[in-house]
Amino acid sequence: MGVFRPRREPPPPALPLRRALMEGAGALFVALLVGIAFMAAYVGALHDPEPVDVPVGVVRGDQPAQQLLAAVRAQGRQLEAVSFPDRAAADRALQRRDIYAVLATATGAAGLTLTIASAAGPAATSAITQILTVAAQRAQVPLAVTDAVPVSPDDPHGVVPFYLALGLLIGGYFGGIALSLGLGTVPSRASRGGLRVAGLAVHAALLGLAGALIAEPIMGIWHNNFAGLFGAGALIAYAAGLFAAAVQSWLARFGTVLIILILVVLGNPGSGGIYPPEFLPPFFRGVHLWNIPGLGSELIRSVIYFTVDAGRWPAAKLAVWCVASAALLFAATAVLGRPRRPAPSAP
(Lines give C-alpha, C1' and ligand atoms only; values in the text may rest on other atoms or scores of the structure.)
Protein backbone atom coordinates (compact mmCIF):
# COMPACT_ATOMS: atom_id res chain seq x y z
CA MET A 1 0.00 0.00 0.00
CA GLY A 2 1.20 3.46 -0.78
CA VAL A 3 1.60 6.09 1.90
CA PHE A 4 -1.25 8.59 1.94
CA ARG A 5 -0.03 12.09 1.17
CA PRO A 6 -2.39 15.02 1.64
CA ARG A 7 -2.92 17.00 -1.51
CA ARG A 8 -1.32 20.42 -1.30
CA GLU A 9 -3.35 23.36 -2.44
CA PRO A 10 -1.57 25.44 -5.05
CA PRO A 11 -0.43 28.84 -3.71
CA PRO A 12 -2.54 31.84 -4.73
CA PRO A 13 -1.29 33.62 -7.80
CA ALA A 14 1.14 36.41 -7.00
CA LEU A 15 -0.06 39.93 -7.56
CA PRO A 16 1.68 41.92 -10.26
CA LEU A 17 4.51 43.90 -8.70
CA ARG A 18 2.96 47.29 -9.43
CA ARG A 19 -0.39 46.34 -7.93
CA ALA A 20 1.27 44.78 -4.89
CA LEU A 21 3.29 47.93 -4.28
CA MET A 22 0.21 50.14 -4.62
CA GLU A 23 -1.91 48.05 -2.26
CA GLY A 24 0.89 47.70 0.27
CA ALA A 25 1.62 51.42 0.18
CA GLY A 26 -2.07 52.22 0.62
CA ALA A 27 -2.39 49.93 3.65
CA LEU A 28 0.75 51.34 5.26
CA PHE A 29 -0.43 54.89 4.62
CA VAL A 30 -3.70 54.19 6.46
CA ALA A 31 -1.74 52.62 9.34
CA LEU A 32 0.54 55.68 9.40
CA LEU A 33 -2.44 58.03 9.65
CA VAL A 34 -3.98 56.00 12.46
CA GLY A 35 -0.70 56.02 14.40
CA ILE A 36 -0.27 59.77 13.96
CA ALA A 37 -3.86 60.38 15.03
CA PHE A 38 -3.38 58.16 18.08
CA MET A 39 -0.26 60.04 19.20
CA ALA A 40 -1.81 63.44 18.55
CA ALA A 41 -4.98 62.53 20.46
CA TYR A 42 -3.18 61.21 23.53
CA VAL A 43 -0.61 64.00 23.67
CA GLY A 44 -3.23 66.65 22.96
CA ALA A 45 -5.67 65.40 25.57
CA LEU A 46 -3.35 64.45 28.42
CA HIS A 47 -0.10 66.42 28.08
CA ASP A 48 -1.11 69.09 30.62
CA PRO A 49 -4.25 68.11 32.56
CA GLU A 50 -5.48 71.12 34.52
CA PRO A 51 -8.81 71.39 36.38
CA VAL A 52 -11.40 73.65 34.78
CA ASP A 53 -14.83 74.25 36.32
CA VAL A 54 -14.65 71.31 38.72
CA PRO A 55 -18.06 71.44 40.48
CA VAL A 56 -18.16 71.98 44.25
CA GLY A 57 -21.49 72.17 46.08
CA VAL A 58 -22.41 74.95 48.49
CA VAL A 59 -25.66 75.73 50.32
CA ARG A 60 -27.37 78.99 49.44
CA GLY A 61 -26.98 81.51 52.23
CA ASP A 62 -23.81 79.91 53.60
CA GLN A 63 -21.79 83.09 53.40
CA PRO A 64 -18.40 81.85 54.67
CA ALA A 65 -18.35 78.94 52.19
CA GLN A 66 -19.60 81.09 49.32
CA GLN A 67 -17.01 83.76 50.03
CA LEU A 68 -14.14 81.27 50.01
CA LEU A 69 -15.30 79.75 46.71
CA ALA A 70 -15.76 83.24 45.24
CA ALA A 71 -12.19 84.12 46.26
CA VAL A 72 -10.91 80.98 44.52
CA ARG A 73 -12.99 81.73 41.43
CA ALA A 74 -11.54 85.22 41.26
CA GLN A 75 -8.11 83.63 40.79
CA GLY A 76 -9.20 81.43 37.87
CA ARG A 77 -11.69 78.87 36.61
CA GLN A 78 -10.36 75.87 38.48
CA LEU A 79 -13.46 75.37 40.64
CA GLU A 80 -17.12 76.11 40.00
CA ALA A 81 -19.60 76.68 42.84
CA VAL A 82 -22.92 74.85 42.44
CA SER A 83 -25.67 76.13 44.77
CA PHE A 84 -28.20 73.92 46.54
CA PRO A 85 -31.20 74.88 48.71
CA ASP A 86 -30.00 72.85 51.71
CA ARG A 87 -27.28 70.45 52.83
CA ALA A 88 -29.39 67.36 52.16
CA ALA A 89 -29.75 68.33 48.50
CA ALA A 90 -26.00 68.90 48.25
CA ASP A 91 -25.27 65.50 49.78
CA ARG A 92 -27.64 63.81 47.34
CA ALA A 93 -25.84 65.50 44.46
CA LEU A 94 -22.55 64.20 45.86
CA GLN A 95 -23.94 60.66 45.85
CA ARG A 96 -25.22 61.09 42.28
CA ARG A 97 -21.77 62.29 41.18
CA ASP A 98 -23.15 65.64 40.06
CA ILE A 99 -20.42 67.27 42.17
CA TYR A 100 -17.13 66.14 43.66
CA ALA A 101 -17.32 67.89 47.04
CA VAL A 102 -19.45 70.01 49.36
CA LEU A 103 -18.05 73.04 51.17
CA ALA A 104 -20.03 74.18 54.22
CA THR A 105 -19.70 76.10 57.47
CA ALA A 106 -18.85 73.74 60.31
CA THR A 107 -21.60 73.08 62.83
CA GLY A 108 -20.62 73.44 66.46
CA ALA A 109 -17.08 74.53 65.62
CA ALA A 110 -15.26 77.34 63.92
CA GLY A 111 -14.23 77.18 60.31
CA LEU A 112 -15.41 75.19 57.29
CA THR A 113 -15.85 71.53 56.39
CA LEU A 114 -15.04 70.06 53.00
CA THR A 115 -16.78 66.76 52.26
CA ILE A 116 -15.30 65.00 49.24
CA ALA A 117 -16.09 61.80 47.33
CA SER A 118 -12.67 60.58 46.21
CA ALA A 119 -14.22 57.55 44.49
CA ALA A 120 -15.68 59.89 41.88
CA GLY A 121 -12.17 60.86 40.83
CA PRO A 122 -9.11 61.04 43.07
CA ALA A 123 -7.46 63.59 40.77
CA ALA A 124 -10.46 65.91 41.05
CA THR A 125 -10.90 65.63 44.81
CA SER A 126 -7.16 66.00 45.38
CA ALA A 127 -7.16 69.21 43.34
CA ILE A 128 -10.22 70.54 45.19
CA THR A 129 -8.67 69.78 48.57
CA GLN A 130 -5.36 71.38 47.68
CA ILE A 131 -6.92 74.53 46.20
CA LEU A 132 -9.35 75.11 49.05
CA THR A 133 -6.77 74.30 51.73
CA VAL A 134 -4.46 77.01 50.36
CA ALA A 135 -7.34 79.46 50.06
CA ALA A 136 -8.50 78.74 53.63
CA GLN A 137 -4.98 79.26 54.97
CA ARG A 138 -4.78 82.62 53.23
CA ALA A 139 -8.14 83.60 54.69
CA GLN A 140 -7.07 82.23 58.08
CA VAL A 141 -10.12 79.96 58.22
CA PRO A 142 -9.83 76.43 59.64
CA LEU A 143 -10.78 73.74 57.12
CA ALA A 144 -11.60 70.12 58.00
CA VAL A 145 -11.72 67.54 55.20
CA THR A 146 -13.89 64.39 55.25
CA ASP A 147 -14.08 61.70 52.57
CA ALA A 148 -17.70 60.52 52.38
CA VAL A 149 -17.11 58.04 49.52
CA PRO A 150 -13.48 56.92 49.69
CA VAL A 151 -11.79 55.04 46.89
CA SER A 152 -10.85 51.43 47.58
CA PRO A 153 -7.51 51.09 49.38
CA ASP A 154 -6.61 48.43 46.80
CA ASP A 155 -7.06 51.04 44.05
CA PRO A 156 -5.81 54.26 45.67
CA HIS A 157 -5.38 56.13 42.38
CA GLY A 158 -8.73 55.05 40.95
CA VAL A 159 -7.30 53.46 37.81
CA VAL A 160 -9.11 50.11 37.92
CA PRO A 161 -12.46 51.37 36.50
CA PHE A 162 -10.63 52.80 33.48
CA TYR A 163 -8.54 49.71 32.78
CA LEU A 164 -11.45 47.36 33.41
CA ALA A 165 -13.64 49.35 31.00
CA LEU A 166 -10.77 49.34 28.48
CA GLY A 167 -10.47 45.56 28.63
CA LEU A 168 -14.23 45.13 28.23
CA LEU A 169 -14.20 47.54 25.31
CA ILE A 170 -11.36 45.74 23.49
CA GLY A 171 -12.87 42.32 24.12
CA GLY A 172 -16.24 43.57 22.93
CA TYR A 173 -15.19 45.08 19.64
CA PHE A 174 -12.85 42.17 18.91
CA GLY A 175 -15.92 39.96 19.27
CA GLY A 176 -17.78 42.00 16.67
CA ILE A 177 -14.81 41.95 14.30
CA ALA A 178 -14.25 38.22 14.82
CA LEU A 179 -17.84 37.41 13.86
CA SER A 180 -17.50 39.58 10.77
CA LEU A 181 -14.31 37.75 9.75
CA GLY A 182 -15.73 34.31 10.45
CA LEU A 183 -19.29 34.68 9.13
CA GLY A 184 -19.05 37.58 6.69
CA THR A 185 -19.55 41.25 7.35
CA VAL A 186 -23.24 41.34 6.33
CA PRO A 187 -25.78 38.79 7.59
CA SER A 188 -27.70 37.39 4.61
CA ARG A 189 -31.09 37.48 6.35
CA ALA A 190 -32.69 39.17 9.33
CA SER A 191 -32.73 35.84 11.20
CA ARG A 192 -28.97 35.56 10.75
CA GLY A 193 -28.62 39.12 11.97
CA GLY A 194 -30.64 38.20 15.05
CA LEU A 195 -28.35 35.26 15.73
CA ARG A 196 -25.34 37.56 15.45
CA VAL A 197 -26.87 40.02 17.91
CA ALA A 198 -27.65 37.15 20.29
CA GLY A 199 -24.16 35.72 19.93
CA LEU A 200 -22.62 39.07 20.80
CA ALA A 201 -24.90 39.25 23.85
CA VAL A 202 -23.57 35.91 25.11
CA HIS A 203 -20.00 37.04 24.39
CA ALA A 204 -20.59 40.31 26.29
CA ALA A 205 -22.14 38.48 29.24
CA LEU A 206 -19.12 36.20 29.52
CA LEU A 207 -16.77 39.19 29.34
CA GLY A 208 -18.79 41.02 32.00
CA LEU A 209 -18.69 37.95 34.23
CA ALA A 210 -14.92 37.59 33.74
CA GLY A 211 -14.36 41.26 34.57
CA ALA A 212 -16.46 41.05 37.74
CA LEU A 213 -14.67 37.89 38.84
CA ILE A 214 -11.24 39.42 38.26
CA ALA A 215 -12.00 42.65 40.10
CA GLU A 216 -13.89 41.22 43.07
CA PRO A 217 -13.20 37.65 44.27
CA ILE A 218 -9.92 37.07 42.40
CA MET A 219 -8.10 40.38 42.91
CA GLY A 220 -10.21 41.49 45.87
CA ILE A 221 -10.27 45.16 44.80
CA TRP A 222 -14.00 45.59 45.53
CA HIS A 223 -16.39 43.52 47.62
CA ASN A 224 -19.76 45.21 47.48
CA ASN A 225 -21.59 44.93 44.14
CA PHE A 226 -20.73 41.89 42.06
CA ALA A 227 -24.08 41.83 40.24
CA GLY A 228 -23.90 45.52 39.35
CA LEU A 229 -20.32 45.19 38.12
CA PHE A 230 -21.27 42.16 36.02
CA GLY A 231 -24.19 44.02 34.43
CA ALA A 232 -22.14 47.14 33.76
CA GLY A 233 -19.33 45.12 32.19
CA ALA A 234 -21.71 43.18 29.96
CA LEU A 235 -23.33 46.41 28.76
CA ILE A 236 -19.97 48.01 27.92
CA ALA A 237 -18.77 44.95 25.98
CA TYR A 238 -22.12 44.59 24.20
CA ALA A 239 -22.14 48.23 23.07
CA ALA A 240 -18.60 47.88 21.68
CA GLY A 241 -19.31 44.54 19.98
CA LEU A 242 -22.53 45.69 18.32
CA PHE A 243 -20.89 48.91 17.16
CA ALA A 244 -18.01 47.00 15.57
CA ALA A 245 -20.38 44.57 13.85
CA ALA A 246 -22.57 47.41 12.57
CA VAL A 247 -19.66 49.42 11.16
CA GLN A 248 -18.18 46.41 9.40
CA SER A 249 -21.55 45.45 7.96
CA TRP A 250 -21.50 48.69 5.97
CA LEU A 251 -17.78 49.27 5.39
CA ALA A 252 -16.33 45.73 5.48
CA ARG A 253 -12.59 45.71 6.24
CA PHE A 254 -12.37 49.49 5.97
CA GLY A 255 -14.73 49.63 8.94
CA THR A 256 -11.94 48.39 11.19
CA VAL A 257 -10.13 51.69 10.73
CA LEU A 258 -13.24 53.65 11.71
CA ILE A 259 -13.79 51.42 14.76
CA ILE A 260 -10.24 52.04 15.95
CA LEU A 261 -10.49 55.78 15.31
CA ILE A 262 -13.72 56.19 17.29
CA LEU A 263 -13.20 53.72 20.13
CA VAL A 264 -9.42 53.88 20.59
CA VAL A 265 -7.90 56.98 19.00
CA LEU A 266 -10.66 59.29 20.27
CA GLY A 267 -12.25 57.13 22.93
CA ASN A 268 -9.28 56.25 25.11
CA PRO A 269 -7.86 59.76 25.60
CA GLY A 270 -11.43 61.03 25.75
CA SER A 271 -12.09 58.72 28.68
CA GLY A 272 -9.40 60.64 30.56
CA GLY A 273 -7.80 57.60 32.17
CA ILE A 274 -7.25 58.63 35.78
CA TYR A 275 -8.42 62.19 35.04
CA PRO A 276 -12.08 63.25 35.13
CA PRO A 277 -13.58 65.16 32.18
CA GLU A 278 -12.99 68.52 33.88
CA PHE A 279 -9.24 68.00 33.34
CA LEU A 280 -9.54 67.47 29.57
CA PRO A 281 -9.56 69.98 26.69
CA PRO A 282 -13.08 70.98 25.60
CA PHE A 283 -13.20 68.65 22.58
CA PHE A 284 -12.17 65.56 24.56
CA ARG A 285 -14.46 66.55 27.42
CA GLY A 286 -17.29 66.23 24.91
CA VAL A 287 -15.94 62.89 23.69
CA HIS A 288 -15.93 61.64 27.29
CA LEU A 289 -19.66 62.32 27.59
CA TRP A 290 -20.76 60.24 24.58
CA ASN A 291 -18.06 57.72 23.63
CA ILE A 292 -18.10 54.16 24.97
CA PRO A 293 -14.75 54.21 26.89
CA GLY A 294 -15.66 57.30 28.93
CA LEU A 295 -19.20 56.10 29.57
CA GLY A 296 -17.87 52.69 30.56
CA SER A 297 -15.44 53.94 33.20
CA GLU A 298 -18.11 56.30 34.57
CA LEU A 299 -20.61 53.45 34.82
CA ILE A 300 -18.19 51.16 36.65
CA ARG A 301 -17.33 53.87 39.19
CA SER A 302 -21.00 54.55 39.72
CA VAL A 303 -22.14 50.98 40.35
CA ILE A 304 -19.25 50.23 42.68
CA TYR A 305 -19.25 53.33 44.87
CA PHE A 306 -22.44 55.34 44.44
CA THR A 307 -26.23 55.16 44.32
CA VAL A 308 -28.27 53.82 41.41
CA ASP A 309 -28.96 57.36 40.19
CA ALA A 310 -25.24 57.93 39.58
CA GLY A 311 -25.07 55.28 36.88
CA ARG A 312 -28.39 55.99 35.20
CA TRP A 313 -27.12 58.33 32.46
CA PRO A 314 -24.01 56.34 31.49
CA ALA A 315 -26.10 53.17 31.31
CA ALA A 316 -28.80 54.91 29.23
CA LYS A 317 -26.25 56.28 26.77
CA LEU A 318 -24.60 52.87 26.39
CA ALA A 319 -28.05 51.38 25.74
CA VAL A 320 -28.52 53.94 22.97
CA TRP A 321 -25.24 52.75 21.42
CA CYS A 322 -26.56 49.17 21.51
CA VAL A 323 -29.94 49.97 19.97
CA ALA A 324 -28.50 52.25 17.28
CA SER A 325 -25.80 49.73 16.36
CA ALA A 326 -28.28 46.85 16.13
CA ALA A 327 -30.51 49.00 13.92
CA LEU A 328 -27.57 49.76 11.61
CA LEU A 329 -26.70 46.07 11.42
CA PHE A 330 -30.24 45.08 10.42
CA ALA A 331 -30.38 47.97 7.95
CA ALA A 332 -27.21 46.66 6.30
CA THR A 333 -28.79 43.22 6.13
CA ALA A 334 -31.86 44.65 4.43
CA VAL A 335 -29.87 46.70 1.92
CA LEU A 336 -26.73 44.64 1.28
CA GLY A 337 -27.45 41.15 2.52
CA ARG A 338 -30.41 40.03 0.44
CA PRO A 339 -29.61 36.67 -1.17
CA ARG A 340 -29.83 36.67 -4.92
CA ARG A 341 -32.70 34.75 -6.39
CA PRO A 342 -31.61 31.76 -8.49
CA ALA A 343 -31.90 32.21 -12.21
CA PRO A 344 -34.98 30.45 -13.71
CA SER A 345 -34.13 27.07 -15.15
CA ALA A 346 -34.42 26.56 -18.88
CA PRO A 347 -37.58 24.77 -20.02
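The values are calculated or read from the model by the stated rules, or taken from the named source; none is laboratory data. Since the model is a prediction, treat every value here as computed from it, not as a measurement. Note that each Cβ is placed from the backbone with ideal geometry, even for glycine, and that neighbours are counted across all protein chains shown.
Going by the structure shown, is THR105 over 21 Å from GLY158 (Cα atoms), touching a helix residue (DSSP H, G or I) at 6+ places or on another chain (Cβ under 7 Å) and hydroxyl-bearing (Ser, Thr, Tyr)? Considered against the rule, which asks whether it is over 21 Å from GLY158 (Cα atoms), touching a helix residue (DSSP H, G or I) at 6+ places or on another chain (Cβ under 7 Å) and hydroxyl-bearing (Ser, Thr, Tyr), THR105 comes out as yes. When ALA205 is tested against the conditions (1) touching a helix residue (DSSP H, G or I) at 6+ places or on another chain (Cβ under 9 Å); (2) modelled with pLDDT under 95; (3) in a helix (DSSP H, G or I), the lone failure is (2).
For every residue, the table says whether it meets (1) among the polar types (S, T, N, Q); (2) at pLDDT below 95.
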| residue | (1), (2) |
| --- | --- |
| THR113 | yes, no |
| THR125 | yes, no |
| ILE128 | no, no |
| THR133 | yes, no |
| VAL141 | no, yes |
| SER152 | yes, yes |
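Scanning the stretch 124-167 for residues that are at positive phi and not polar (S, T, N, Q) turns up just one, GLY158. Put simply, of ALA135, ALA119, ALA123, ALA127 the only residue that is part of a helix (DSSP H, G or I), farther than 18 Å from GLN67 by Cα and out of contact with any Phe, Trp or Tyr (no Cβ under 7 Å at 6 or more places or on another chain) is ALA127.
Selection of first residues in the stretch 216-233 that are in contact (Cβ under 8 Å) with a residue 12 or more places away in the chain and of second residues that are of a type in the set (Ser, Thr, Tyr), restricted to Cβ pairs under 7 Å at least 6 apart or on distinct chains, gives the following pairs, ordered by first then second residue: ILE221/SER152; TRP222/SER152. ALA124 falls short on exactly one of the conditions (1) under 19 Å from the mean Cα position of the chain (by Cα); (2) closer than 22 Å to VAL102 by Cβ; (3) free of Cβ contacts under 8 Å to residues at least 40 places away in the same chain, and that condition is (3). Tell me, yes or no, whether the stretch 175-190 has at least one residue that is assigned to a helix (DSSP H, G or I), within 19 Å of the chain's Cα centre (by Cα) and of a type in the set (Gly, Ala, Ser). Yes. Answer yes or no: is there a residue in the stretch 269-281 that is among the aromatic types (Phe, Trp, Tyr), over 17 Å from TYR42 (Cβ atoms) and in contact (Cβ under 8 Å) with a residue 12 or more places away in the chain. No: zero hits.
Per the conditions (1) under 30 Å from ILE259 (Cβ atoms); (2) out of contact with any Leu (no Cβ under 7 Å at 6 or more places or on another chain); (3) modelled with pLDDT of 95 or more, the sole criterion not satisfied by LEU166 is (3).
Going through (1) surrounded by 15 or more Cβ atoms within 10 Å (Cβ to Cβ); (2) at pLDDT 90 or above; (3) outside any helix (DSSP H, G or I) one by one, GLY220 falls short only on (1). Please determine, by comparing only the residues of the stretch 128-151 that are among the small types (Gly, Ala, Ser) and in contact with a helix residue (DSSP H, G or I) (Cβ under 8 Å, 6 or more places away or on another chain), which one is surrounded by the most Cβ atoms within 10 Å (Cβ to Cβ). If we take residues in the stretch 128-151 being among the small types (Gly, Ala, Ser) and in contact with a helix residue (DSSP H, G or I) (Cβ under 8 Å, 6 or more places away or on another chain), then ALA136 is surrounded by the most Cβ atoms within 10 Å (Cβ to Cβ).
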